[in-house]
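The values are calculated or read from the model by the stated rules, or taken from the named source; none is laboratory data. These numbers come from a predicted model, not from an experiment. Ideal geometry is used to build each Cβ from the backbone, glycine not excepted, and the neighbour counts take in all protein chains shown. We work out accessible area using only protein heavy atoms, side chains counted, and drop any ligands, DNA or RNA first. Shrake-Rupley method; radii C 1.70, N 1.55, O 1.52, S 1.80 Å.
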Amino acid sequence: MTIAVIVALAGAGCTEKKEEYATPSKLCGVPVDPAVLRPVLLPGEKLTTSTAHSNPTTQRCSVAVDGERVLSLESSADEKYEALWDYQIAGGTPVDIGDEGRANDTAVGAHGRCVLKGEERDFYALAMRFYPKKDDAAARREALIRFMAAYLPAARKAAGCAD
């Protein structure tokens, strides 16, 4: 093999474009609009999800890109959300999602009425975004709010809530 061929082959590998993951239309059993989800995530090659910390009353979904957790989702119709919000969305401001919503630069939560097995309950959803220094805080906050506005009704439906 000549040196020119070796150099050409080595150079071809350096310019090869890495494959980016496809934005899913479902996260841990909840349908999501990829156009609303994409701005919440970070770029990378591989997206994975895990529901390892879920239990029968609280659904938890961890979303990782290239092995680093970038998004955490939680939803429940059986737990009180106020104390969780005070801790997870400290300094959050009200947003118009569901019956009540709150957001800060890295998290957004919302709750709404849920009739589950004939009983009225508060259903809440929380999305937390990690690695905040990898993007613009204002853009991330707006993306999280748009995502939660779409995610809350889909998560309620996936949990079996009736209107």
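Annotations for the structure displayed:
- Against the test of being open to solvent by 50 Å² or more (accessible area, probe 1.4 Å) and under 20 Å from PRO153 (Cα atoms), the options THR58, THR51 yield a single qualifying residue, THR51.
- The C-beta contact set for segment 127-148 (first residue within 16 Å of ARG102 (Cβ to Cβ) and modelled with pLDDT of 95 or more, second residue exposed (fewer than 13 other Cβ atoms within 10 Å of the Cβ) and not hydrophobic (A, V, I, L, M, F, W, C), distance under 9 angstrom, 6+ apart or interchain) comprises ILE145/ASP96.
- The lone criterion from (1) at pLDDT 95 or above; (2) assigned to a loop (DSSP other than H, G, I, E, B) left unmet by GLY160 is number (1).
- Considering residues of segment 116-135 that are assigned to a strand (DSSP E or B) and among the acidic types (Asp, Glu) only, the residue farthest from the chain's Cα centre (by Cα): GLU119
- Counted residues, segment 60-72 - those being under 20 Å from ALA125 (Cα atoms) and either among the hydroxyl-bearing types (Ser, Thr, Tyr) or more than 13 Å from the chain's Cα centre (by Cα) (or both): 2
- Qualifying residue in segment 26-36 (condition: under 12 Å from the mean Cα position of the chain (by Cα) and modelled with pLDDT under 90): yes
- Some residue of segment 99-112 being over 19 Å from GLY29 (Cα atoms), assigned to a helix (DSSP H, G or I) and open to solvent by 50 Å² or more (accessible area, probe 1.4 Å): no
Residues checked against (1) open to solvent by 30 Å² or more (accessible area, probe 1.4 Å); (2) in a strand (DSSP E or B); (3) in contact (Cβ under 8 Å) with a residue 24 or more places away in the chain:
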| position | (1), (2), (3) |
| --- | --- |
| LEU37 | no, no, yes |
| LEU42 | no, no, yes |
| ALA64 | no, yes, no |
| LEU71 | no, yes, yes |
| SER75 | no, yes, yes |
| ASP78 | yes, no, yes |
